[in-house]
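First the structure, in the form of structure tokens, and then the observations on it.
No value in this document is a laboratory result; all are computed from the given coordinates. On a predicted model such as this, the values are computed, not experimentally measured, just so you know. Reconstructed Cβ throughout: ideal geometry from the backbone, glycine too, with neighbour counts over all protein chains shown.
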Amino acid sequence: MGTIKDILIESMNGFSPKNIPIMLFQLVMAALLAWVIQKIINKKAGETAVSSAPLIAASVALIVGIAKYSLPFAVMAAAVLIILGMKTELKSKASVLGFFLIVLLGLACGVGSVVQATIGMVFISSLILLTPLKSE
């Protein structure tokens, strides 16, 4: 049984099955925090500047969570994100800010810094609420 366990762990590039609940928590927190940021930015901008934020943040967190155990996968995932990011049109300052914050949030949660990401997003959210985002 120990050999089968070793084979599975080796196949998963060091990712242990006991890390699955932690990773699920990171994905849920990334999606939840991104949803809050999406609501704040869209309300402050007065338009739909950011959409699909929970999906983007959770996807980035998943990629980062897996990629931290595999360099080739990390390089491939970064290339895919760059290619997809070049195809999206960011039409306003609010959408650029929102996309940046959501990807940053996914990165932070994916590497396991959920507490720091939450504190940072509370601080940044308060700054967003205190500053104008509408395009003049």
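Count the lysine pairs in the range 19-130 that are 8 or more places apart or on different chains: how many have C-alpha atoms under 20 angstrom apart?
For the range 19-130, qualifying lysine pairs total 6.
Can you classify the range 19-130 as rounded, prolate or oblate using the Cα gyration tensor, where a ≥ b ≥ c are the square roots of its eigenvalues, rounded means a/c under 1.5, and otherwise it's prolate if a/b beats b/c and oblate if not? Present the calculation step by step, with values, prior to reporting the outcome.
Values: a/c = 2.40, a/b = 1.34, b/c = 1.79.
It comes out oblate by the Cα gyration axes.
In what sequence, highest mean first, do 38-44, 118-124, 99-105, 22-28 appear when ranked by Cβ atoms within 10 angstrom?
Values: 38-44: 18.7, 118-124: 14.7, 99-105: 20.6, 22-28: 16.6.
Going from most to least packed, we get 99-105, 38-44, 22-28, 118-124.
Starting from 0.36 nm per residue, how many nanometres of slack lie between D6 and L129 once their C-alpha separation is accounted for? Let's see the in-between values first.
Details: separation 123, 0.36 × 123 = 44.28 nm, distance 5.03 nm.
Full-extension gain reported as 39.2 nm.
Quickly work out the I20-to-L32 label distance, labels modelled 7 Å from Cα along the C-beta direction, and quote it in nm with one decimal.
2.1 nm
Could you pull out which residues in the range 105-135 have an amide N less than 19 Å from a spot 7 Å beyond the Cα of L55, following the Cα-Cβ vector?
Under cut-off, by backbone N: 105-107.
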